[in-house]
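Please treat every number below as a calculation from the coordinates, not as lab data. Here the structure is a predicted model, which is why all the values come from computation and not from measurement. Here Cβ is always computed from backbone atoms with ideal geometry, including for glycine, and neighbour counts include all displayed protein chains.
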Amino acid sequence: MHTVFRVGEMKQTVNNSRLWEVQLTLTDENDPQLAVLTKSMREETQGSTGWHRMGKLMLRVGHFNQAEELYNELLKNASNDSDRAHIYHMIGNTKEYQGQCKEAVSYFEKCLEIKRKTVPEDHSSLADIYNNIGGVYENMGDHSKALEFYEKSHIILEKAMPPNHSSLATSYNNIGLVYDNMGDYSKALEFHDKALKIDEKTLPPNHPNLAASYNNIGEVYKNMGDYSKALEFCDKALKIDEKTLPPNHPSLATSYNNIGGVYANMGDYSKALEFYEKSHIILEKALPPNHPYLAASYNNIGGVYKNTGDYSKALEFYDKTLKIEEKTLPPNHPSSATPYNNIGSVYDSMGDYSKALEFYDKALKICEKALPPNHPNLAASYSNIGMAYSGTGDYSKALSFLEKTLAIRQKSLPPTHPHIKTVIDNIDYVKKKM
């Protein structure tokens, strides 16, 4: 091992703002945290050749375009179907990270086509591919397709793995997340609870994966409006993270963020801000300045300020989110629509409907290019624009956009979902005004 230092405190020098003083501590192979980190990095970047390991490392650090170039070169020189299948799979992963979901599915399906020629239909290697295709469809908002592929993966895992295998817990959690996003919270809890039972049997009581299961269940209770239960499970996750993780670990930030989200939904914005800021302080120390998690953190803090009526602060934080996403995401990535929608919502709350519509329209253009026609985010964009037109008194335009919202939500959500009731109420309000 070469010389390795642990980075401690960093501060600007008093006399020169361009210089920083960094406290370093020399470490070696006997450092247990370094050993765990090194082992984890090796596992995450395993590959048959140095080039394949390099591709995985590029994906891990967020260099998606360079990874795609590398994998395309490897594809040209692939000598057999097995190598081609693996490279198609990795390009699929790359496309998913880039937000190019249709292309991701296409590459995963190329991988699947080759694999199915050489292995039986219930081979465990197919479960990973089905799982990845399911994940892409979930990102696209196509819940039925996501469930179809997650369930194909799960059937294989049930045959191939012992009943308490960690892969089955992951599979249950994935299916639970789809049901959560569909608003079918009883089903979501059923599957997350199956995952939790496996984790509780197979993992030590302070294992991070157990914390993740608690966080998933807490998120469902939050979406159900059962905030005491949500806090109970999020607090269990936090206690594990505080015991097992270093104080600046990103997973600890996730737990603080989840608790902040519960308090935000409860309308306790001072508590929400307290936990969001705890999360943000960790992320600022642990991550590079343009990391997507920081963008999400700025977004959450901006939401609190918006809800408390501090619109200048809200715009300040939403703009920070936008700047990161403009630097790090490819054009028309679906995530880049979120800050435009949020900035538009601030102007909407201020009564500046022309400004609101300007930003809502930017978000809509991205959503229409990047998302399938029944995606929930597209419905949200139509709803935002509809309500802004309602604010201007242009009720015919408002009705047109709200009806588009309703059509999508009726196709993608169960009939009792609260989002459907909300848009029907908004349509009734607009019709009365007409």
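Remark: C-alpha extents of the chain on the principal axes read 70, 66, 45 Å, sorted largest to smallest. Between 301, 155, 133, the residue with the greatest mean-square fluctuation in the GNM of the chain (Cα pairs under 10 Å linked by springs) is 155. Cα convex hull, segment 124-196: 66 Å³ per residue, rounded to a whole number. Ranked by the mean number of other Cβ atoms within 10 Å of their residues, highest first, the peptides 348-356, 279-287, 402-410 come out as 402-410, 279-287, 348-356. Over 22 Å between C-alpha atoms is what I'm after, so list which of 56/76; 362/397; 110/369 land there. Check vs 22 Å cut-off fails for 110/369.
Relative protection proxy for 171-180, 97-106, 257-266, 316-325, from highest mean packing down: 171-180, 257-266, 316-325, 97-106 (other beta-carbon atoms within 10 angstrom). Taking 24 Å as the limit for the C-alpha separation, the pairs 285/313; 102/159; 271/320 exceed it in the case of 102/159. Between 21, 219, 113, the Gaussian network model of the chain with springs among Cα atoms under 10 angstrom shows the greatest mean-square fluctuation at 21. Per-residue Cβ neighbour counts within 10 Å put 252, 189 in the sequence 189, 252, beginning with the fewest.
Cross-linked pairs 365/421; 278/327; 323/365; 194/229: Cα-Cα separations exceed 21 Å for 365/421; 278/327.
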